[in-house]
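Q: After the C-alpha cells below, expect a handful of questions from me.
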Amino acid sequence: MLLTRNWAMIAALGTATLLGATACASPDAASGPESSDTASATPSGSITVYNAQHEELTQAWADEFTQETGVTVVLRNGDDSELGNQLVQEGSASKADVFLTENSPAISLVDNADLLAPVDADTLAQVPEQFQPSTGTWTGIAARSTVFAYNPSLLGDAELPASLLDLADPAWKGRWAASPSGADFQAIVSALLELKGEKATSAWLAAMKDNAVVYKGNSTVMKAVNAGEIPGGVIYHYYWFGDQAGTGENSSTTKMHYFKNQDPGAFVSVSGGGVLKTSANPVAAQAFLAFVTGKSGQEILKTGTSFEYPVSAGVDANPALMPLSELEAPAIDPSHLNSTKVTELMTQAGFL
Amino acid sequence: MVIPAAPPTVNTAPDSQGPASESAVGTTESRAGSARTDAPARVPKRPSPFIVAAAGTVSLLGLLPLGYVIVTGILTGWPALSALIFRPRVGELLVNTIGLVLITVPLCVAIGVGAAWLVGRTSLPGAKVFAVLLAAPLAVPAFVNSYGWVSAVPSLHGLWSGVLIATLSYFPLVYLPCAAALRRLDPTVEEAAGSLGSGAWAVFFRVILPQLRLPILGGALLVGLHLLSEYGAFAMIRFDTFTTAIVEQYRSTFNGPAANALAGVLVLLCLVLLIGESGARGRSRYARIGSGVARVTPRRSLGAFTPVGYLFLGGLFVLAIGVPFSSVIRWLVQGGTDVWADAVVGQALLQTVGYGLAGAAVTCLLAFPIAFLAVRYPSRLSRGLESVNYLTSSLPGIVTALALVTVSIRFVQPLYQTTILVIVTYLMMFLPRALVNLRAGLAQVPVGLEEAARSLGKHPVAAFLSVTARFFVPSALAAGALVFLGIVTELTATLLLAPNGTRTLAIQFWSKVNDINYVGAAPYALLMIVLSLPVTYLLFARSRLTSVS
C-alpha cells in the first residue's frame, strides 16, 4: 500500500515538474493505480476545507491529494477561533466538510457542539494515542512547540527565563513580546489554564498586560526580536526554522530557548483535523484526513517548508528540528483545552 | 479607500459650493428672490409605485446593520453590555481612536487646503502637474501605503505612525474638493477685500477660507469616517483602534457579544461625526448670484517663498507616493518573475475585477430609483430614503459585515457565503458613491426635453431612455467607477463574507503580509494600484469639470 502511494507521489511530482518545465497546458493526470485504503467507496467530487493551518501547508496537502484522487479541494482560510466559532454558528447549514486547525482548542470547541463525525478507524490507527482525543471524533495532524525567541545581544544566556511563569516578574517589564490576539498564543494560555488553574492564569495575564509588548502575529514578534526592538518573545518554533530556511532576514540574529522540564512554556500544541457530521461528501472528507495523517501527508511536514512536527505514520521530524521526545513537554489531553474560557480571561485582562 | 463615501464625496453636486463669500451673502440674499430659483421641474404625475417600492426596499435593507447593532445590544442586556463596554481596554481604544481623529483630521485639512491653494492660486511653475499628482494617493489603498512605510521604516508603530500614514493617505479627500471650489470662487470678492486694505494673508483667512467651509467640512467628515473604519493600515503598525479591536474579537470569537459591544460604541462615534458635520455646515448660502461667467482668478507669485512651495508640494508627493511606490518596486525587483508565476495572481485579479464590475453595475442600478425620486419628486420621503443610505455607508465595513454574517446564517441560509451576499454588502457600503453622481447627473438634464419627447407621442419610458438617460451616461459611468474603486480595495467585509475559495487581490495581499511575506504581497499591491489609477484620474478630471460648469 505504502509503495503504491509513493509511486503515485513520484508520478505526481514528475508530472508537476514536467508541466512546470514545458509550461504545457494539458495535464494528463497520472494519478497511478487506485490507492484508497480508507473506505469502501472511491472518493470523488469536491470537498470544502475550513483551514486554520498555514495556507501554504494545506495547499500543498490539497494539491497532492487532488493529484492522487482527483478530488477537488476548496479552502476557506481563517483563524482557529474564528473558523471554530463560525462552524458552531453555521451548525447543520455549514458547507464545510473538513476542519483543520493549528491548535486543538478550536476543534474541541466544534467537537463539544457535537458537530464532528467519528474519524475512520484506519485513520485513527495511524496516529499515536497521545495525539488524539479520547472521543475519536478528531485526530492530531501535526504539532508545534512553544519557544522563547531572544536576541543574544540584548539578553545573556544567564538571564533567560527558566519558566513561562517567570515572565510575570516586574523585572521583565517591557522586555518580552507576544501576539495575544492570535490563536497560537491563546492555545499556550489554555495550556497554562489546564496546568495551573484559573486564578493563576488570570494573575499571570494581568502581569503580562503590564510587562509584555503586544505585536500582531508570531512572525512580527520574531521580526521585532531580530531587529533588537525587544529582547525576547513567546512564539512557536517553526517560525524561526521557516525563516532560516528562506532568507533568514527576520531571524538571523535570533536564538531559541526551549523551556523544557514539563513547564507550561514547554507546551506542545496539537493541530487537529476532523470531518463534519453534515459533510455532503463524507467519503472524500475521510479520505482527505487519512491522507493528511498518512505517510505522504506527514512527509510534506518533514520535507516541506512548514517545519511543523509530523505526528503519525511513523514519519520523523525534519532533521533540523529538536526531536519531539527531547522537548519535555507537559502531558496534556488536547481535548481538555478550553478556548472559550481563555478568550473570556484575555478579554478581562484587556488583550482583546 | 476601503470604505464608504459619505454624503459629500469629492465630486458632489456643484450647487452647494459655488462662489460668493459669506460676507456677500447678506447683501445678495434680498436679490435672491428675484434670481432664478432652482426649484425642480415638476413632472405632472406621481412617481410610479414600482420606483417607490424599489427605493424603499433598498433603503430598508440599508437599515439592517444599524438595526443589528441595536437588537444585539438589547438581547445582550445592559449588565453584560456594560461589563463589555466599561472596561479599561475600551478606554484605551477610545483614547487611541479619538486621538487619531483629533490629530489627523486638522492635519489633513491644513495640508489639503494648503496644497489646493498652492496648485490653484500661485504661479508656481509646474503647479498644474502637481494638481494631478496630489490626487494620486487616492489610488494607493491605505493598507498598501502602510505596507510601503513599514517596509521602509520597520520600527513604525503607535499613534504617531498612524497619524503619519493616515494623513498621507487621506489628505486628498480634502484637497480635491477644495481645489475644485477654489477654481469657482469669484475673484471680485477677493479684489474688493484687497481694495479695502486687506493684505494677502487677511484675504486668505477672511475671504477665501470661509468660502471653502463646505468642501473642508465634507472632506474632513470623509477623513474622519475613513479613520474610524480602516483596519489593515493600523493593524500593520500595531496601532489599536475600535475597528482593529473588533476584527480581533471576530478572529477570536467569530461574532461574540464583545465584538458587538465594541461595534455599538464605534457606531456612536460615527454618528457623532455625522451630526457634528451637519451642525457645522450652517445655513449660509455660498452660491454665486451675479449673472454671466466669473472671471478666472489671476495667479499670485510666491516670490522668495517659491522654494518653500516646492518643498511642501514635492515633499508631500515623495512621502505620500514616493515611499509606498519605491517599497512596492523594491519588493517586486527582489521577487523577480517567480512571484508572478503563482496562478493565484491571475485568479485573484479576475475575481476582483468580476466583483468590482458586478458590484458597480448592481449598485448603480439600485441607486437609480432613489436618485430619481430625490431629483424629480423631492419630498420628506425621498430625503429620508437618501439619508438612510448615507448613514449605512458611514458605518465601518466590519460592522456591516458582522451584521450580514449573523443575519444570513440565522435567517437566510441560502444566501450565506454566496456571491449575492457579497454584492449586497458592497451595495450597502458604496451606494452613496453612486447616488451622489447619479443625482447630480439627473439634476443637470432639463426635464422639459423629456416632456417634449412625450408630447410628441413617445411612451414615458421610451422618452426617458432616449432623452434623459443619454444625458446622464457620463454621470452613471463616474458613479460606477467610484463604486468599483471601493470594491477593488475592500478588505474586511470581503474577508468575512466571501464564498469559500474566493481570493481577491486585497485578501491575498493581506494573507501574504500576515506571513511577513512582503515579496509575495507586492504583485497584489501593484495590481490594486494599477486598477485604481484610472478611476482616480477620472475623479480628478470630474472635479475639474464641475468647476467649469
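Q: I'd like to check which helices (runs of 4 or more DSSP H) are fully inside the stretch A:109-219 and have at least 1 residues that are assigned by TED's automatic domain parsing to the domain that holds A:PHE288 and hydrophobic (A, V, I, L, M, F, W, C).
A: Result: A:121-126.
Q: Within the stretch B:194-203, count every residue that is touching a residue at least 12 places away in the same chain (Cβ under 8 Å) and surrounded by fewer than 16 Cβ atoms within 10 Å (Cβ to Cβ).
A: 1
Q: Show the residue pairs meeting these rules: Cβ distance below 8 Å; 6+ apart or different chains; first residue within the stretch A:167-190 and closer than 21 Å to A:GLY228 by Cα; second residue in a helix (DSSP H, G or I) and among the acidic types (Asp, Glu).
A: A:PRO170/A:ASP210; A:TRP172/A:ASP166; A:LYS173/A:ASP210
Q: Another question about this same structure. Within the bounds of the stretch A:100-121, is there any residue that is surrounded by 24 or more Cβ atoms within 10 Å (Cβ to Cβ), in contact (Cβ under 8 Å) with a residue 12 or more places away in the chain, facing another protein chain (nearest Cβ under 9 Å) and small (Gly, Ala, Ser)?
A: Checked the stretch A:100-121: no residue is surrounded by 24 or more Cβ atoms within 10 Å (Cβ to Cβ), in contact (Cβ under 8 Å) with a residue 12 or more places away in the chain, facing another protein chain (nearest Cβ under 9 Å) and small (Gly, Ala, Ser).
Q: In addition: Give the stretch A:217-238 a look and list any residue that's farther than 16 Å from B:SER151 by Cα and without any contact (Cβ under 8 Å) to a residue 40 or more places away in the chain, or say none.
A: Correct list: A:GLY217, A:ASN218.
Q: In the stretch A:290-300, is there at least one residue being in a helix (DSSP H, G or I), more than 22 Å from A:HIS54 (Cα to Cα), out of contact with any Leu (no Cβ under 8 Å at 6 or more places or on another chain) and not aliphatic (A, V, I, L, M)?
A: no
Q: With the structure loaded, tell me whether B:LEU456 is at pLDDT below 90 and surrounded by 22 or more Cβ atoms within 10 Å (Cβ to Cβ) or whether it fails that test.
A: Here the answer is no, as B:LEU456 does not meet what is asked.
Q: Further question: Taking the stretch B:355-404 only, how many residues are in contact (Cβ under 8 Å) with a residue 12 or more places away in the chain and not in a helix (DSSP H, G or I)?
A: The total comes to 4.
Q: With respect to B:GLY520, is the statement that it is of a type outside the set (S, T, N, Q), in contact with a strand residue (DSSP E or B) (Cβ under 6 Å, 6 or more places away or on another chain) and within 13 Å of chain A (Cβ to nearest Cβ) true?
A: So B:GLY520 does not fit the description; no.
Q: Of the conditions (1) within 13 Å of B:ALA263 (Cα to Cα); (2) surrounded by fewer than 17 Cβ atoms within 10 Å (Cβ to Cβ); (3) of a type in the set (Val, Ile, Thr), B:THR72 clears all except one; give me its number.
A: (2)
Q: Scanning for something part of a helix (DSSP H, G or I), touching a residue at least 60 places away in the same chain (Cβ under 8 Å), farther than 17 Å from A:GLN89 by Cβ and among the β-branched types (Val, Ile, Thr), does the stretch B:430-446 turn up at least one residue?
A: yes
Q: Do any helices (runs of 4 or more DSSP H) lying entirely in the stretch B:154-251 carry at least 2 residues that are of a type outside the set (Ser, Thr, Tyr), closer than 30 Å to B:VAL405 by Cβ and within 13 Å of chain A (Cβ to nearest Cβ), and which ones are they?
A: Of the helices (runs of 4 or more DSSP H) lying wholly inside the stretch B:154-251, those with at least 2 residues that are of a type outside the set (Ser, Thr, Tyr), closer than 30 Å to B:VAL405 by Cβ and within 13 Å of chain A (Cβ to nearest Cβ) span B:232-236.
Q: Can you spot a residue in the stretch B:83-104 that is farther than 30 Å from B:TYR518 by Cα, small (Gly, Ala, Ser) and more than 14 Å from every other protein chain (Cβ to nearest Cβ)?
A: no
Q: Still on this structure, please answer the following. Among the residues of the stretch A:203-234 satisfying the criterion of being among the aliphatic types (A, V, I, L, M) and more than 12 Å from every other protein chain (Cβ to nearest Cβ), which is farthest from B:ARG87 (Cα to Cα)?
A: A:VAL225
Q: Which one is surrounded by the fewest Cβ atoms within 10 Å (Cβ to Cβ) among residues in the stretch B:127-153 that are closer than 16 Å to B:GLY232 by Cα and within 14 Å of chain A (Cβ to nearest Cβ)?
A: This residue is B:SER151.
The values are calculated or read from the model by the stated rules, or taken from the named source; none is laboratory data. Remember, predicted model here, so these are calculated numbers, not experimental data. We place every Cβ from the backbone using ideal geometry, glycine too, and count neighbours over all the protein chains shown.
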